[in-house]
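To start, the structure itself, in C-alpha cells.
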Amino acid sequence: SGGQKTRALLARLLLERPDLLILDEPTNHLDVQAVEWLEGMLRTWDGSLLIVSH
C-alpha cells in the first residue's frame with residue numbers, strides 16, 4: 001500500500017541519520033500504526049527537525 005511504501009522510505013532515510021530532517025506533511029497517506037511508528041522514531045531523533053504542515 002501507499003502507507004507501507006511511505007513508511008519504508010522514511011525508515012530508510014532515518015537509518016541514514018542525516019543532520020537535518022525536513023518532513024512535508026509527514027502523516028499524509030500513513031495509517032495509524034505508521035503514524036505511531038513515526039512518532040516513536042522522532043522522539044529519539046537527535047538531529048535538527050523541520051516539519052511543514054499547512
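Some observations on this one:
- With the charge dipole of the chain set up from +1 on Lys and Arg Cβ and -1 on Asp and Glu Cβ about the Cα centre, the Cα lying farthest toward the positive end among the listed residues Gly47, Val32, Leu15 is that of Leu15.
- All Cα-Cα distances of the chain, cut into 5 Å bins from zero to the largest, leave 4, 19, 32, 29, 14, 2 percent in each bin in turn.
- Counted charge near Ser53, where neighbours are those whose Cβ lies closer than 11 Å (Asp, Glu -1; Lys, Arg +1): -2
- Among Glu36, Glu16, Glu25: highest mean-square fluctuation, GNM of the chain, C-alpha pairs under 10 Å: Glu16
- Distant-in-sequence amide contacts of Leu21, defined by a placed amide H-H separation under 5 Å and a gap of 5 or more residues or a different chain, comprise Ser48, Leu49, Leu50.
- Charged side chains reduced to their Cβ positions (Lys and Arg at +1, Asp and Glu at -1) give the chain a dipole of some 180 debye around its Cα centre.
- Max mean-square fluctuation residue, GNM over the chain, Cα-Cα springs under 10 Å, options Leu20, Leu42, Leu30: Leu20
Just so you know, all these numbers are worked out from the coordinates, no wet-lab data involved. Keep in mind the model is a prediction, meaning the values are calculated, not measured. Every residue, glycine among them, receives a Cβ derived from its backbone with ideal geometry; neighbour counts consider all protein chains shown.
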